[in-house]
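Only one structure is covered here, and it is reproduced in the block below.
The values are calculated or read from the model by the stated rules, or taken from the named source; none is laboratory data. Please read these numbers as outputs of a predicted model, since none were measured by experiment. Neighbour counts are summed over all protein chains in view; Cβ atoms, including those assigned to glycine, are modelled from backbone coordinates with ideal geometry.
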Amino acid sequence: MKLKLYLASVMLFILAGLVPVAAIAEEKKDAAPAAVTAPTATPAAPSAAAPADAAKPAEAVAPAAPATPPDVKPVLNTGDTAWMLVSSALVLLMIPGLALFYGGMVRQKNVLSTFMHSFVAMGIVGVQWAVIGYSLAFGTDVGGMGLIGDFSKTMLNGLVIMKDAASGGVEYALFQNYTKEPGAIPEIVFAMYQCMFAMITVALISGAMAERVKFSAYCLFVLLWTTLVYDPLAHWVWMTEGWLFKKGALDFAGGTVVHLSSGISALAFLMFLGKRHGFPNERMAPHNLPLTMLGVGLLWFGWFGFNAGSAIVGVNTSDAAGGLAGLAFATTTIAPAAAGLSWMIAEWIHSGKPSALGFGSGVVAGLVVITPAAGFVQPGAALLMGLMAGLVCYGGILLKAKLKYDDSLDAFGVHGIGGTCGAIMTGVFATVGATGLLAGNFKQLMIQLIAVLAAGAYAFFVTLILAFVLEKTIGLRVDKEDEIMGLDQTQHSESGYNM
Amino acid sequence: MKLIEAIIKPFKLDEVKDALNAIGIEGITVSEVKGFGRQKGHTELYRGAEYVVDFIPKIKMQIAVNDELVSKVVETIQNSAKTGRIGDGKIFIINLEEAVRIRTGENGADAI
């Protein structure tokens with residue numbers, strides 16, 4: 001009952017938020033060209049102002065450095081390509097990491113089912129992405145609305161171009177992030193890098209459903225959610241024709257697309273899924289925290305590919321393996337370190353003991369929060385964002401304990417709250433390649449809020465519909481008896497431990 | 001003959017065993033058990049969710065002895081298992097009717 005009330009209030013909040021945002025968006029339409037050019041105009045401004053101050057000596061220099069160099073043809077950069085191949089594999093490794101992270105936190109009768117939630121997402125999304133997902137997210141925009149891609153790249157069509165069928169001679173389509181510089185990587189590498197993101201995003205949601213969801217319902221959900229929620233969101237935010245990209249929304253590595261969307265969707269799914277049998281009175285303590293801590297380590301390791309690899313889509317740069325990747329790498333080290341500490345200390349003061357699970361959760365919260373900001377902020381800002389991440393997400397899970405809704409493994413508490421916090425803080429702290437509130441750009445904060453509310457509302461409502469339809473057709477939950485027996489036995493006919 | 005059952009703190013097991021060896025006890029049966037007494041359980045906290053653990057792990061020792069040794073064994077266990085804090089455990093003394101050594105068929109005091 002409380003859960004329903006709580007969710008209803010969240011919905012109201014989102015709706016209430018959408019009204020002014022829609023109004024702002026309307027206003028923004030007039031000012032849209034100004035907003036879009038803002039990021040490029042700002043770095044140009046100092047160079048324009050400098051010659052004005054020292055007009056005479058700079059006269060000769062000013063015409064020699066035109067504000068925008070002409071577009072150049074893409075040239076394959078093997079260094080960037082090598083880094084992106086490694087990054088893709090690193091992001092893939094996060095998924096078994098997530099399986100360990102979640103698997104250790106459930107009861108021992110559900111460990112395999114929880115692992116399978118992550119692993120089967122690799123299977124389903126791996127196929128979906130090649131067949132249709134990449135095209136929906138990164139294909140040519142349909143109707144110029146910036147909402148979704150078309151079917152032009154189904155089966156990764158066009159990424160490998162046959163030149164000479166007789167000899168098998170091929171050419172690889174190139175992905176050039178920034179048209180003013182030549183650096184490019186094969187588009188098929190880019191497609192695979194993005195594939196890993198799609199896989200892990202839907203697996204993140206499984207944390208809210210653990211220990212009671214029916215496996216068949218979960219599999220269908222993975223396919224439908226990735227197609228109907230993830231692919232459009234990726235198009236909105238990362239595709240150059242996407243409407244949020246055009247608005248100038250900043251999301252370096254997926255704070256909005258990955259974490260916010262999965263966290264909010266987890267909450268929506270819970271409305272129809274309900275609590276675990278016996279929650280919250282029965283003991284549901286994690287069965288193997290060393291697995292969870294190993295998962296935290298693998299997630300952090302893989303996250304370097306997730307964040308530092310995302311320099312490939314960095315603003316105004318074509319370098320995938322350069323300074324920007326280095327910055328993202330640094331912030332991905334600093335923020336989770338600070339967040340692990342701040343969660344640990346908060347817990348130490350608040351409940352008496354610094355727990356291992358607390359430190360690990362803090363690290364993940366820090367990773368989530370720094371994700372949208374990784375290549376936009378200075379190391380100092382990353383430190384602040386990390387400290388904030390641990391405190392905010394610790395508050396988030398305490399709220400859950402109070403409200404007694406059953407987000408088993410805190411998909412919303414960590415990813416939903418952390419993703420939202422990170423996306424908004426990016427609009428505050430951004431100084432590299434973009435400007436945020438602290439650099440005097442209030443507009444950026446508004447754009448971030450629009451992105452958060454739009455993506456959050458879209459993910460929430462589509463997931464609500466998906467969950468409703470699945471509930472009415474095949475049912476979301478296993479029988480009560482099966483739930484008590486454990487999902488390993490009843491869904492997979494296996495046991496995690498035979499000792 | 002008596003059967004002495006002692007419930008002790010797990011970390012005291014080695015000390016108690018050595019002390020009993022020293023007074024010439026030649027056989028002990030040990031099991032890992034769970035329970036609570038005045039010490040009660042403890043609470044565990046996972047991400048803000050609090051669980052009360054009612055039963056805490058203890059060691060149960062069973063020692064069969066002849067009557068003349070009973071007070072010495074009880075005293076030895078009490079001295080070696082004691083920490084002075086709550087939860088040190090209990091010793092029970094039970095009448096033992098018969099004992100048989102399986103290998104030889106000896107019974108009574110000879111079997112102990």
Kindly evaluate B:VAL65 against the criterion of being within 14 Å of chain A (Cβ to nearest Cβ) and either surrounded by fewer than 17 Cβ atoms within 10 Å (Cβ to Cβ) or within 17 Å of B:LEU3 (Cβ to Cβ) (or both).
no
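Hey, among B:LYS17, B:LYS34, which residue is closer than 16 Å to A:ARG283 by Cβ and under 13 Å from the mean Cα position of the chain (by Cα)?
B:LYS34
For segment A:279-293, give me the residue count where each residue is within 12 Å of chain B (Cβ to nearest Cβ) and part of a loop (DSSP other than H, G, I, E, B).
Let us first name the residues in segment A:279-293 that are within 12 Å of chain B (Cβ to nearest Cβ), namely A:279-287, A:289, A:292.
From what is left, the residues that are part of a loop (DSSP other than H, G, I, E, B) are A:279-287.
The number of residues fulfilling the criteria is 9.
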Segment A:401-418, subset closer than 11 Å to A:PRO280 by Cα and of a type in the set (A, V, I, L, M), residue farthest from the other protein chains (Cβ to nearest Cβ):
A:LEU403
Kindly indicate the residue of segment B:23-44 that is over 15 Å from B:MET61 (Cβ atoms) and at pLDDT 90 or above and also farthest from the other protein chains (Cβ to nearest Cβ) among those meeting that condition.
B:GLY24
Enumeration of residues in segment A:344-355 that are within 11 Å of chain B (Cβ to nearest Cβ) and either within 30 Å of A:GLY323 (Cβ to Cβ) or loosely packed, with under 15 Cβ neighbours inside 10 Å (or both):
A:HIS350, A:GLY352, A:LYS353
Among the residues of segment A:151-201, which ones are on the phi > 0 side of the Ramachandran plot and touching a helix residue (DSSP H, G or I) at 6+ places or on another chain (Cβ under 7 Å)?
A:MET155, A:LEU156
Evaluation of A:GLY396 against (1) over 11 Å from A:PHE429 (Cα atoms); (2) at pLDDT 95 or above; (3) not hydroxyl-bearing (Ser, Thr, Tyr) (one fails), failing number
(2)
Which residue is farthest from B:GLU32 (Cα to Cα), if the candidates are limited to segment B:93-112 and must be surrounded by 13 or more Cβ atoms within 10 Å (Cβ to Cβ) and of a type outside the set (Gly, Ala, Ser)?
B:GLU106
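Could you run through segment A:398-452 and say how many residues are of a type in the set (D, E, K, R) and on the phi > 0 side of the Ramachandran plot? So that I can check it myself, show each step before the final result.
The first filter runs over segment A:398-452 and keeps only residues of a type in the set (D, E, K, R), leaving A:400, A:402, A:404, A:406-407, A:410, A:443.
Add one more test, that the residue is on the phi > 0 side of the Ramachandran plot, and what stays is A:404, A:410.
Count: 2.
Please find, among A:GLY390, A:GLY413, A:GLY375, the residue that is touching an Asp or Glu at 6+ places or on another chain (Cβ under 7 Å) and surrounded by 24 or more Cβ atoms within 10 Å (Cβ to Cβ).
Checking each option against the conditions leaves just A:GLY413.
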Going through (1) in contact (Cβ under 8 Å) with a residue 12 or more places away in the chain; (2) assigned to a helix (DSSP H, G or I) one by one, B:VAL30 fails only at (2)
Counting only residues that are more than 24 Å from A:GLN444 (Cα to Cα), assigned to a loop (DSSP other than H, G, I, E, B) and within 18 Å of the chain's Cα centre (by Cα), segment A:373-421 contains a total of 2
Right, A:PHE101: touching a residue at least 60 places away in the same chain (Cβ under 8 Å) and part of a helix (DSSP H, G or I) or not?
yes
Selection from segment A:454-493 of residues closer than 30 Å to A:GLY427 by Cβ, of a type in the set (A, V, I, L, M, F, W, C) and crowded, with 20+ Cβ neighbours inside 10 Å yields A:ALA454, A:ALA455, A:ALA459, A:PHE460, A:LEU466
Some residue of segment A:422-436 being in contact (Cβ under 8 Å) with a residue 24 or more places away in the chain, part of a helix (DSSP H, G or I), in contact with a helix residue (DSSP H, G or I) (Cβ under 7 Å, 6 or more places away or on another chain) and among the β-branched types (Val, Ile, Thr)
yes
Could you list all residues from segment A:299-316 that are part of a loop (DSSP other than H, G, I, E, B) and either within 14 Å of chain B (Cβ to nearest Cβ) or aliphatic (A, V, I, L, M) (or both)?
A:VAL315
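Among A:VAL296, A:VAL258, which is the only one that is buried (at least 22 other Cβ atoms within 10 Å of the Cβ), within 14 Å of chain B (Cβ to nearest Cβ), touching a residue at least 60 places away in the same chain (Cβ under 8 Å) and aliphatic (A, V, I, L, M)?
Numbers: A:VAL258 fails: within 14 Å of chain B (Cβ to nearest Cβ).
Answer to the check: A:VAL296.
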When you look at A:GLY362, is it without any contact (Cβ under 8 Å) to a residue 40 or more places away in the chain, at the interface with another protein chain (Cβ under 10 Å from one of its Cβ atoms), assigned to a helix (DSSP H, G or I) and of a type outside the set (Val, Ile, Thr), yes or no?
no
The condition from (1) under 20 Å from the mean Cα position of the chain (by Cα); (2) within 14 Å of chain B (Cβ to nearest Cβ) that A:PRO336 misses is numbered (2)
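Filter segment B:20-50 down to the residues that are more than 30 Å from A:ASP407 (Cα to Cα) and either buried (at least 18 other Cβ atoms within 10 Å of the Cβ) or in contact with a Pro (Cβ under 6 Å, 6 or more places away or on another chain) (or both) and list them by number. Spell out the reasoning first.
Applying the first criterion (more than 30 Å from A:ASP407 (Cα to Cα)) to segment B:20-50 yields B:20-40.
Of everything in segment B:20-50, those that are more than 30 Å from A:ASP407 (Cα to Cα) and either buried (at least 18 other Cβ atoms within 10 Å of the Cβ) or in contact with a Pro (Cβ under 6 Å, 6 or more places away or on another chain) (or both) turn out to be B:LEU20, B:ILE25, B:LYS34.
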Among (1) exposed (fewer than 13 other Cβ atoms within 10 Å of the Cβ); (2) of a type in the set (Phe, Trp, Tyr); (3) away from chain A (no Cβ under 14 Å), the one test that B:PHE55 misses:
(3)
